[in-house]
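The values are calculated or read from the model by the stated rules, or taken from the named source; none is laboratory data. Keep in mind that what you see is a predicted model, and the values were worked out from it rather than measured. So basically every Cβ, Gly included, is an ideal-geometry build from the backbone, and we count neighbours across all protein chains shown. Note: accessible area is taken over every heavy atom of the protein model, side chains too, but ligands, DNA and RNA are not part of it. Shrake-Rupley method; radii C 1.70, N 1.55, O 1.52, S 1.80 Å.
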Amino acid sequence: MCGIVAYTGHREAFPIILKGLKRLEYRGYDSAGVALLNGDLSVYKKQGKVADLEKSVEGKNLNGNIGIGHTRWATHGEPNDLNAHPHYSQSGDLAIIHNGIIENYDSIRQELLNRGHQFTSETDTEVLIHFIENIQERSNTSLEEAVRLALQKVVGAYAIVVISRQNPKQLIAARKGSPLVIGIGKEEYFIASDATPIVEYTNEVVYLDDREIAVINNDGLSIKNIDSVPKTPYVQTIDMELEAIEKGGYEHFMLKEIFEQPKSIMASMLGRVVADKHRLHLGGLIEYFNRLMSADRIMIVACGTSWHAGLVAEYLFEELARVPVEVEYASEFRYRNPIIRENDVVIAISQSGETADTLAAIELAKSKGAIIFGVCNVVGASIPRATHAGAYIHAGPEIGVASTKAFTGQITVLTMMALMLAHRKGTISESKFREFLIELENIPAKVEKALKLNDQIKYISDIFKDARNFLYLGRGYNFPVALEGALKLKEISYIHAEGYPAAEMKHGPIALIDEEMPVVFIATADSSYEKVVSNIQEVKARRGQVIAIVTEGDEQIKNIADYVIEIPETIEALTPLISVIPLQLLSYHVAVMRGANVDQPRNLAKSVTVE
Ligand code: G6P
C-alpha cells in the first residue's frame with residue numbers, strides 16, 4: 001500500500017518520478033505528491049490520481065536532479081491535499097515519503113507538540129519527519145544518525161525516503177515491513193516500492209532488508225542496519241521486460257492479464273512439467289521436500305484471492321497426496337495462538353509477496369518451528385525471502401488490482417506441488433500421474449478456448465449490469481471458484497455478491513432468490529453434477545435468473561438455465577483453471593459497463609502492506 005519513488009542522478013527527476021508513480025498506482029491512488037530539490041525544497045501534492053497531480057503542476061518550474069514521490073492509500077487521515085505525501089519537517093528543510101503505519105505516532109506527536117511543533121496534517125508520517133528533525137537538532141547529529149535514532153523509537157511498519165535541503169545530493173531510505181528496491185544506474189540511483197519504475201533504466205537492483213538504512217550521496221550507495229552495522233549491498237540482476245508492465249493495446253491491465261493466462265499458466269509450468277518424459281520437477285522445493293513428505297498436516301495461510309487458491313489447494317492435496325490440509329486467513333491465524341506441531345508444514349500463498357498479515361503469519365509459524373513453503377509471484381519480495389523453500393508462479397507483473405492471472409498461476413503451481421508429493425508418496429498411480437501431466441500441458445489451449453467466449457459473456461454482462469446482488473454457487477473444486485467469482489464482481493463493479501457452496505444455498509441464501517436475483521452456477525460435468533442440477537432447479541422454481549458455466553456439450557442444464565456458457569472439459573481437479581475464466585470476464589465487462597475504474601477500484605490496493 002502506497003507507492004514510493006525517488007531519483008538522484010544526472011537526469012531531470014520529475015518525469016522519472018511521475019512515470020514511476022503511474023506504474024505504482026496499483027498500490028494506492030488516494031493522493032499523489034512529489035518533492036524536488038533544486039536549491040529550494042519544493043513539495044507539490046494533490047488529492048486523487050497521479051494524473052490530477054500532473055495537471056496541478058502544469059506550468060510550474062519542476063527542474064531538479066533529485067526528488068521523491070508518493071502515491072497514497074490512506075491510513076491516518078482522510079485522502080486530501082494536506083494529508084498527501086511528501087511531508088515537510090517543522091523547519092521545512094526535510095521532506096519524507098512513507099509507506100506503512102507508525103503505531104506509536106500519537107505519543108511522539110504529543111511529545112513534539114509539547115516542544116512547540118505544529119502539524120499541518122493528521123498523518124503519522126508528518127510526525128515521523130518532525131521527530132527526525134527534532135532528534136537531529138537536539139543531538140546535533142547527522143541526518144543519517146537522526147533517522148536511525150528515530151526509527152529505533154518507532155513501533156510499526158515503514159518504508160521511507162528522506163531528502164534534505166542541507167544535503168542536496170543525498171537520499172536516505174529505510175525499511176521495516178514495507179518493501180523498497182534500489183536501482184543502480186550509471187551515476188544515478190532509483191528507489192521504489194517495487195522494480196516496475198526502475199526496469200526502464202537499469203536491471204541492477206538491491207532489495208533493502210528489514211531494519212536497514214540506505215544512504216545515497218556523492219560516494220554512492222552505502223547500507224547499514226539500524227544498529228549501525230555496515231552491510232555489503234547485494235546487487236541482483238532482475239529479468240523484467242518493459243512490455244510486461246504496459247497495457248499493450250488493451251483498454252485495461254485487468255483485461256490484458258485475463259487474456260495473458262494461456263501464456264502465464266504455461267510460464268508457471270515451463271521447465272517443470274515435461275509430460276512426454278513423465279517428469280515433474282519444482283527445484284525450489286527440493287531442499288525441504290522431505291519435510292513435505294513427512295508432514296502430518298499442511299496449513300495454508302493467505303489473504304483475498306490467494307486464500308481462494310489455497311482452498312483449491314486443500315482439495316488437491318487431500319485428494320491426491322492424502323494429507324490433511326487447513327486453510328487459514330493469515331489475519332486470523334496470526335492472532336489466535338494456533339497449534340503448530342513439529343510435523344506441520346505451512347504453505348504461504350501471495351501474489352505480491354508483501355501482504356503484511358501473511359508475512360506475520362509466516363513469522364509466527366517459523367517461531368514455532370514450522371517449515372514454510374512460499375507460492376508467490378513477485379520475485380525477491382519479502383514473503384519469498386522469509387520462507388524456507390517455495391516456487392514462484394512466474395505469471396509476470398500483475399498490475400490490475402483485481403487478481404486474475406496470479407490466481408490461475410497459483411493453482412497451477414499448487415497442483416504441481418500436490419502432484420509431486422502424491423507421486424513421491426505413492427498416493428497416485430503412475431497412469432493417473434501421467435494423465436495429469438498431459439492434461440496440465442493442455443490447459444493453456446483450453447483457457448485460450450474459454451477466452452473466445454468473451455463476446456458471449458459481454459452480451460450476458462449487458463443484461464445483468466444493473467443487478468444489485470449476485471449469488472455464485474459451486475461445489476467441490478468449483479466452490480472456491482464461486483467465492484472468487486463473487487469477489488471479482490464485488491471488487492470492481494461494487495455490486496454485492498456472495499459465493500456459497502451450492503448445497504448451502506438451502507441454509508440461507510435461498511431466501512434471497514426472486515426474479516431479480518442473478519445466480520451464477522459453476523456446474524461442470526463432475527462428481528457433483530447431478531446435485532448441482534437439482535440446485536439449479538431449486539433456484540428456477542423460485543424464479544431466479546440462472547447463468548450456468550457448464551462443460552461443452554452439456555444438454556441437461558441448457559434446458560433449465562437462462563444462459564449457458566460452455567467451457568472445455570478437463571480433469572475435475574483442474575477445472576478451476578478454466579471455470580474461473582468466464583467469471584473474470586463477467587466481472588470485467590459488468591464493471592466497464594457501469595463506468596467503474598476497473599484497474600483502480602475504490603478503496604482497494606493491490607499490495608496490502610498494513611494489517
Ligand atoms: C489485496 C488485493 C487482492 C489480493 C490480496 C492478497 O486485497 O487487492 O487482489 O488477493 O490483497 O494479496 P497477495 O499479494 O498476498 O496475494
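Some observations on this one:
- Flag for Leu151 being in a helix (DSSP H, G or I), closer than 17 Å to Glu103 by Cα and in contact (Cβ under 8 Å) with a residue 60 or more places away in the chain: yes
- All of (1) open to solvent by less than 30 Å² (accessible area, probe 1.4 Å); (2) farther than 17 Å from Asp599 by Cα; (3) touching a Lys or Arg at 6+ places or on another chain (Cβ under 9 Å) hold for Val520 with one exception: (3).
The rows are residues; the columns are (1) more than 14 Å from the ligand (Cβ to nearest atom); (2) within 15 Å of Thr609 (Cβ to Cβ); (3) in contact with an Asp or Glu (Cβ under 9 Å, 6 or more places away or on another chain).
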site	(1), (2), (3)
Gln351	no, yes, yes
Glu354	no, yes, yes
Thr358	no, yes, no
Ala361	no, yes, yes
Lys368	yes, no, yes
Phe373	yes, no, no
Val379	no, no, yes
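- For Ile510, the criteria (1) surrounded by 21 or more Cβ atoms within 10 Å (Cβ to Cβ); (2) of a type in the set (A, V, I, L, M, F, W, C); (3) not in a loop (DSSP other than H, G, I, E, B) hold in every case but one, which is (1).
- Boolean, Arg475 is more than 30 Å from Met269 (Cα to Cα) and either modelled with pLDDT under 95 or not hydroxyl-bearing (Ser, Thr, Tyr) (or both): no
- Top-ranked residue of segment 489-518 - restricted to ones that are within 16 Å of the ligand (Cβ to nearest atom) and in contact with a Gly (Cβ under 8 Å, 6 or more places away or on another chain), ranked as farthest from His308 (Cα to Cα): Ala497
- Unique match (being in contact with a strand residue (DSSP E or B) (Cβ under 9 Å, 6 or more places away or on another chain), crowded, with 16+ Cβ neighbours inside 10 Å and not assigned by TED's automatic domain parsing to the domain that holds Gln600) among Asn225, Asn217: Asn217
- Phe289 meets each of the listed conditions (1) closer than 23 Å to Glu398 by Cβ; (2) more than 16 Å from the ligand (Cβ to nearest atom); (3) among the hydrophobic types (A, V, I, L, M, F, W, C) apart from (1).
- Of the strands (runs of 3 or more DSSP E) contained entirely in segment 1-74, those carrying at least 1 residues that are open to solvent by 40 Å² or more (accessible area, probe 1.4 Å) fall at 31-38, 40-47.
- Near pairs, Cβ below 7 angstrom, 6+ apart or cross-chain, from segment 299-328 (under 22 Å from Lys368 (Cα atoms)) to any residue that is assigned to a helix (DSSP H, G or I) and more than 14 Å from the ligand (Cβ to nearest atom): Ile300/Glu314; Val323/Phe317; Pro324/Glu318; Val325/Glu314; Val325/Phe317; Val325/Glu318; Val327/Glu314
- Among the residues making up segment 99-110, those that are surrounded by fewer than 15 Cβ atoms within 10 Å (Cβ to Cβ) and among the charged types (D, E, K, R) are Glu103, Asp106.
- Any hit, segment 538-551, residues being within 16 Å of the ligand (Cβ to nearest atom) and either open to solvent by less than 10 Å² (accessible area, probe 1.4 Å) or without any contact (Cβ under 8 Å) to a residue 40 or more places away in the chain (or both): no
- The condition of being over 30 Å from Gln556 (Cβ atoms), within 16 Å of the ligand (Cβ to nearest atom) and outside the structural domain of Gly400 (by TED's automatic domain parsing) does not hold for Ser587.
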